[in-house]
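Since the structure comes first, as structure tokens, the remarks are kept for the end.
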Amino acid sequence: MKRLLLTLAIVLTPLAALAQTTPKKAPPVEQALLALEQRWATASKAGDGAAVGALLAEDFTSIDSDGSVRAKAETMERVAKGKWTVNALSEMKATVYDNAAVVTGVWTGVGTDGAGKPVDTRERWADTWVKKSGKWLCVASASAPAPAK
């Protein structure tokens, strides 16, 4: 009996350590939301305002890091006019509350925004998503300057 317990301890100890160090994969809904955020970033870099618009609710509101407020149509227009060499997301995390979710992360952007202003920045953002008629749509987005890493 002692040998069996000793053998189990020797076999299970490394497995327990491996389980603690293996990164956990986000649950499916959270993964889907993170993929939507990535789709948004990819479409923005490509200047595809229509693709971004497909992710936004009709009553979407954005609060930019400069404090300006924009609706869906203006957001789509600015995406179409922007020119980005870097448009990257990192540190993303999704938290789901039934048919609503909040996704947070960091955006790094280098290029020219939709107003023609040069941009080289790092911002923290929070997007609020709501599941409407079986589809996740972003209803609100807010960002703030983030300290350089």
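Structure notes:
- Selection status of Pro14, more than 17 Å from Leu137 (Cα to Cα) and either buried (at least 17 other Cβ atoms within 10 Å of the Cβ) or modelled with pLDDT of 95 or more (or both): no
- Residue within segment 53-73 that is surrounded by 14 or more Cβ atoms within 10 Å (Cβ to Cβ), in a helix (DSSP H, G or I) and β-branched (Val, Ile, Thr) present: no
- Exactly one residue among Thr121, Thr108, Thr95, Thr112 is farther than 22 Å from Ala80 by Cα and touching a strand residue (DSSP E or B) at 6+ places or on another chain (Cβ under 6 Å), and that residue is Thr95.
- Verdict on Asn87 being touching a strand residue (DSSP E or B) at 6+ places or on another chain (Cβ under 7 Å), surrounded by 17 or more Cβ atoms within 10 Å (Cβ to Cβ) and polar (S, T, N, Q): yes
- From the list Ala115, Ala73, Ala146, Ala126, the lone residue that is in contact (Cβ under 8 Å) with a residue 40 or more places away in the chain and small (Gly, Ala, Ser) is Ala146.
- Subset of segment 20-51 that is over 21 Å from Glu91 (Cβ atoms) and modelled with pLDDT of 95 or more - its residue that is surrounded by the most Cβ atoms within 10 Å (Cβ to Cβ): Gly49
- Filtered residue count, segment 95-107, keeping only those that are surrounded by fewer than 16 Cβ atoms within 10 Å (Cβ to Cβ) and either touching a Phe, Trp or Tyr at 6+ places or on another chain (Cβ under 8 Å) or at pLDDT 95 or above (or both): 6
The values are calculated or read from the model by the stated rules, or taken from the named source; none is laboratory data. Predicted model, so just to flag it, every value in this text is computed and none were measured. Don't worry about glycine lacking a Cβ; one is built from the backbone with ideal geometry, like all the others, and counts go over all protein chains shown.
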